[in-house]
Amino acid sequence: MGLALLHPTFSKYGGLGFAALMIAFIPIHVFDLFRDHPVVGSKAIAIGRLAIQFVLIYTGWVDL
């Protein structure tokens, strides 16, 4: 995926692959958000990680 982003012919596929990978991680972040004690940090950090996940999905989707 990362190498595909470097080559202009395959950069769109690399970006979409990256977005798909980030979408695959959403359930993990949602599960962690609803735990009594999140694995890393506090509830606020878990919310921030979930928000950043959507920013990363957008970044891969638009192929910046």
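Could you give log10 I(q)/I(0) at q = 0.21 Å⁻¹ for the chain, computed by the Debye formula over C-alpha point scatterers of equal weight, without solvent?
-0.76
Mind listing which chymotrypsin sites (Phe, Trp or Tyr not before Pro) in the chain are in a DSSP loop and have 15 or fewer other Cβ atoms within 10 Å? Show your work: numbers first, answer last.
Values: sites: Phe10, Tyr13, Phe18, Phe25, Phe31, Phe34, Phe54, Tyr58, Trp61; in loops: Phe10, Phe25, Phe34.
Counting only loop positions with at most 15 other Cβ atoms within 10 Å, the chymotrypsin sites (Phe, Trp or Tyr not before Pro) in the chain are Phe10, Phe25, Phe34.
Each reported figure results from applying straightforward, stated rules to the coordinates on display, with no laboratory input. Just so we're clear, the structure is a prediction, and the values are computed from it rather than from any experiment. Note that each Cβ is placed from the backbone with ideal geometry, even for glycine, and that neighbours are counted across all protein chains shown.
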